[in-house]
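Only one structure is covered here, and it is reproduced in the block below.
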Amino acid sequence: MELAAAASIDSHVKSLRDGSAAEKEKAAAALANLIHDEASSAVTIAEAGAITPLVELLRGGSAGAKREAAAALANLASSSDAVRVAIVEAGGVAPLVELVHSGIARAKEMAATALNNLSFLDANLVTIAAAGGIPPLVELARSGSSYGKEQAAGALRSLAINDNAVAEQGDAVRTAPTFVPPPAAAPPPAAQGGRGGRGRGRGRGRGRGRG
């Protein structure tokens, strides 16, 4: 990665840590877009220390900031197992589950995308189930947007084939609605407002946050 790009990442991470509320939201959106446009930047962003302040923003940010933090984490979680582990170790699962449960509509989609991407690593499945992730994912798979349903159902499919996750939540995961995605990835929903963070559902389409 070029020095200028690395410096830009460091600047965004600093804003996540020390910036105003508006600066934190803007930085989260910028990092989400960087990974969306250049997937290889995810490792650099994770190594720069972005994961912990993004998780903190999920817990304590505004509704918009939570949406952008979820989009950034979703994109980070699409990159590698090492990054997926780092997100879980930073405590990212519980606030993502809470966001699927009670966030604004677009934040629910991005949080479900993040959980779907985290579910590609089997070791994360019990953590998602233990955090109460199955009921809000089931609800989103039933009543969310087409993109939200696709992401929720992807996570639920991963959970359903893991014996330990099923044991954690019993029949809830077995009886979850099944969403069959189209053969090709669905196009991203149109942005509403400015250019917000764009989430990447690993192998299952992409979404775009609101600015």
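The values are calculated or read from the model by the stated rules, or taken from the named source; none is laboratory data. Everything quoted here is computed from the prediction, not taken from an experiment. Here Cβ is always computed from backbone atoms with ideal geometry, including for glycine, and neighbour counts include all displayed protein chains. These area figures cover heavy atoms from the full protein model, side chains too; ligands, DNA and RNA do not enter into them. Shrake-Rupley method; radii C 1.70, N 1.55, O 1.52, S 1.80 Å.
If the condition is being open to solvent by 50 Å² or more (accessible area, probe 1.4 Å), of a type outside the set (D, E, K, R) and either closer than 15 Å to Thr52 by Cβ or outside any helix (DSSP H, G or I) (or both), then the range 6-24 contributes only Ser20. Restricting attention to the range 66-82, the residues that are among the hydrophobic types (A, V, I, L, M, F, W, C) and surrounded by fewer than 23 Cβ atoms within 10 Å (Cβ to Cβ) total 1.
hydroxyl-bearing (Ser, Thr, Tyr), out of contact with any Pro (no Cβ under 9 Å at 6 or more places or on another chain) and within 26 Å of Val97 (Cβ to Cβ): is that true of Ser62 in this structure? Yes. Just one of (1) modelled with pLDDT under 95; (2) hydroxyl-bearing (Ser, Thr, Tyr); (3) in contact with a strand residue (DSSP E or B) (Cβ under 7 Å, 6 or more places away or on another chain) fails for Ser80. It is (3).
Selection of the range 127-147 for residues being surrounded by fewer than 18 Cβ atoms within 10 Å (Cβ to Cβ) and assigned to a helix (DSSP H, G or I) yields Ala130, Pro135, Glu139, Arg142, Ser143, Ser146. Within the range 31-41, the set of residues being assigned to a helix (DSSP H, G or I) and surrounded by fewer than 20 Cβ atoms within 10 Å (Cβ to Cβ) comprises Asp37 only. If you go through the range 42-65 and keep only what is farther than 16 Å from Asn117 by Cβ, of a type outside the set (Asp, Glu) and either open to solvent by 30 Å² or more (accessible area, probe 1.4 Å) or out of contact with any strand residue (DSSP E or B) (no Cβ under 9 Å at 6 or more places or on another chain) (or both), you end up with Thr44, Ala48, Gly49, Thr52, Pro53, Leu57, Arg59, Gly60, Gly61, Ser62, Ala63, Ala65.
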